[in-house]
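Chemist: This structure is in structure tokens; I'll ask about it shortly.
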Amino acid sequence: MTPQQIALVADSWALLAPSADEFTTLFYRRLERLNPELRRLFPDDAQQSKRLASLLDTMIATLNLMDNLLPALQAMGRRYAELGVSHRDYSLAEDALLATLEEALGQRFGAAERAAWTRAFETLSAVMEQAAAGEAEIAPLQPQVLLQPGHSRQADRQEAAAQGAGGQAFAGTPTGRSNRQ
């Protein structure tokens with residue numbers, strides 16, 4: 001991420017931080033609308049919203065110090081993998097996040113802010129997905145490393161919509177049970 005993108009994410013989050021719990025509640029509602037099966041992963045709305053708000057505070061405050069974030073992101077990625085979270089689920093979470101940001105910020109969420117948040121999400125989620133896949137080499141500034149040529153998150157969104165989006169999403173600390181045997 002560029003310093004300008006980091007500043008845009010931080011500045012827009014600063015506008016939302018005073019009502020972070022409300023923002024994260026809206027995020028989870030939107031995520032559940034995208035895929036109602038996700039409800040079982042996040043049963044305690046109030047506590048989950050607080051955890052996500054705290055997580056966002058920490059991640060946004062340290063975006064410029066990616067090395068400090070790596071261990072936590074890798075651990076989260078491994079935990080989400082245990083719960084059966086897929087690449088498609090990360091795409092749904094990205095959609096929910098961007099839509100919630102747009103709703104909450106209104107006109108203050110322009111193209112530059114959208115691009116910065118997209119880059120931040122894809123950068124952080126790439127680290128998590130790589131850790132989930134057991135990859136030793138993490139390339140946090142290359143968010144598309146998990147995508148095959150000609151493949152995109154947009155393709156995942158379209159495929160998920162066609163299939164009814166039957167997966168889980170990630171954000172905060174899921175409390176649901178693993179889908180894997």
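Chemist: Among the listed residues GLN107, GLN144, GLN130, GLN154, which satisfies the condition of being closer than 26 Å to GLN4 by Cα, modelled with pLDDT of 85 or more and surrounded by fewer than 18 Cβ atoms within 10 Å (Cβ to Cβ)? Give the derivation first.
Modeler: Values: GLN144 fails: modelled with pLDDT of 85 or more; GLN130 fails: surrounded by fewer than 18 Cβ atoms within 10 Å (Cβ to Cβ); GLN154 fails: modelled with pLDDT of 85 or more.
Being closer than 26 Å to GLN4 by Cα, modelled with pLDDT of 85 or more and surrounded by fewer than 18 Cβ atoms within 10 Å (Cβ to Cβ) holds for just one of GLN107, GLN144, GLN130, GLN154, which is GLN107.
Chemist: Consider ALA81 carefully, then state whether it is touching a Lys or Arg at 6+ places or on another chain (Cβ under 6 Å) and touching a residue at least 12 places away in the same chain (Cβ under 8 Å). Break it down into steps so the answer makes sense when it comes.
Modeler: Numbers: touching a Lys or Arg at 6+ places or on another chain (Cβ under 6 Å): no; touching a residue at least 12 places away in the same chain (Cβ under 8 Å): yes.
So ALA81 does not fit the description; no.
Chemist: Also: For the range 73-114, how many residues meet the condition of being under 19 Å from PHE27 (Cα atoms) and in a helix (DSSP H, G or I)? Step through it out loud before you land on a result.
Modeler: So the first thing to find is which residues in the range 73-114 are under 19 Å from PHE27 (Cα atoms), and the list is 76, 80, 85-110, 113-114.
Right, trim to in a helix (DSSP H, G or I) and you get 76, 80, 87-108, 113-114.
Count: 26.
Chemist: Given (1) assigned to a helix (DSSP H, G or I); (2) modelled with pLDDT under 85, where does TYR28 come up short, assuming only one miss?
Modeler: (2)
Chemist: Say we look at the range 72-102 and pick out the residues that are out of contact with any helix residue (DSSP H, G or I) (no Cβ under 7 Å at 6 or more places or on another chain) and among the charged types (D, E, K, R); which of these is surrounded by the most Cβ atoms within 10 Å (Cβ to Cβ)?
Modeler: Taking the range 72-102 first, the residues out of contact with any helix residue (DSSP H, G or I) (no Cβ under 7 Å at 6 or more places or on another chain) are 72, 75, 79, 82, 84-86, 89, 102.
Filter once more, so that each one left must be among the charged types (D, E, K, R): 79, 82, 89, 102.
Working: ARG79: 17, GLU82: 14, ASP89: 27, GLU102: 16.
Among those residues, the one meeting the criterion is ASP89.
The values are calculated or read from the model by the stated rules, or taken from the named source; none is laboratory data. Since we're looking at a predicted model, the values are computed, not measured. Glycine gets a Cβ as well: all are built from the backbone with ideal geometry, and neighbour counts include every protein chain shown.
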